[in-house]
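The values are calculated or read from the model by the stated rules, or taken from the named source; none is laboratory data. Here the structure is a predicted model, which means the values were calculated and not measured. Backbone-built Cβ (ideal geometry, glycine too); neighbour counts: all protein chains shown.
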Amino acid sequence: MRYLYGASFNCRVGNGNAIGGGGEGDITLDYLSNDLKKLEETLEGSGTAGRNYVICNTHEYVGMHCELGAEVVSVLGDVEPDGEYFHVIAVIFETPHCPTIVE
């Protein structure tokens, strides 16, 4: 089965921008979905107590290539309590390179 969207907390975007452990070569395909809105809502709700996770569609990574798929369509960020700092913790991208599942 092919999916339209994927999300990763560990990968590289563009010319080497590291998300999570992507700088050390760790990559993960964490979520797969055919519904972008549902995927974004799920990721926004994944924060732990005291963390404010939000989706951003205008970040500099949007439009860049993700090593696990095609173009980045949005990012998940952690907003500091003072609202001054937005730290990208995951990217959502089109046409993820799905693993081959053998049953």
Failed item in (1) in a helix (DSSP H, G or I); (2) under 11 Å from the mean Cα position of the chain (by Cα); (3) among the polar types (S, T, N, Q), with S74 passing the rest: (1)
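Would you pick out the residues in the range 38-58 that are surrounded by 13 or more Cβ atoms within 10 Å (Cβ to Cβ) and of a type in the set (A, V, I, L, M, F, W, C)?
L39, L43, V54, I55, C56
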Of residues in the range 48-71 being part of a strand (DSSP E or B) and farther than 17 Å from K37 by Cβ, the one modelled with the lowest pLDDT: N52
Residue within the range 83-96 that is of a type in the set (S, T, Y) and surrounded by 19 or more Cβ atoms within 10 Å (Cβ to Cβ) present: no
Complete set of residues in the range 77-91 that are farther than 21 Å from G25 by Cβ and either of a type in the set (A, V, I, L, M, F, W, C) or at pLDDT below 90 (or both): D78, V79, E80, P81, D82, G83, E84, Y85, F86
Residue that is nearest to G14 (Cα to Cα) [pool: residues in the range 50-66 that are in contact (Cβ under 8 Å) with a residue 12 or more places away in the chain and among the β-branched types (V, I, T)]: V62
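Provide a single number: the residues in the range 13-29 that are outside any helix (DSSP H, G or I), touching a residue at least 40 places away in the same chain (Cβ under 8 Å) and either buried (at least 21 other Cβ atoms within 10 Å of the Cβ) or small (G, A, S) (or both).
Residues meeting the conditions: 3.
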Meets criteria (over 20 Å from P96 (Cβ atoms), surrounded by 12 or more Cβ atoms within 10 Å (Cβ to Cβ) and acidic (D, E)) for D35: no
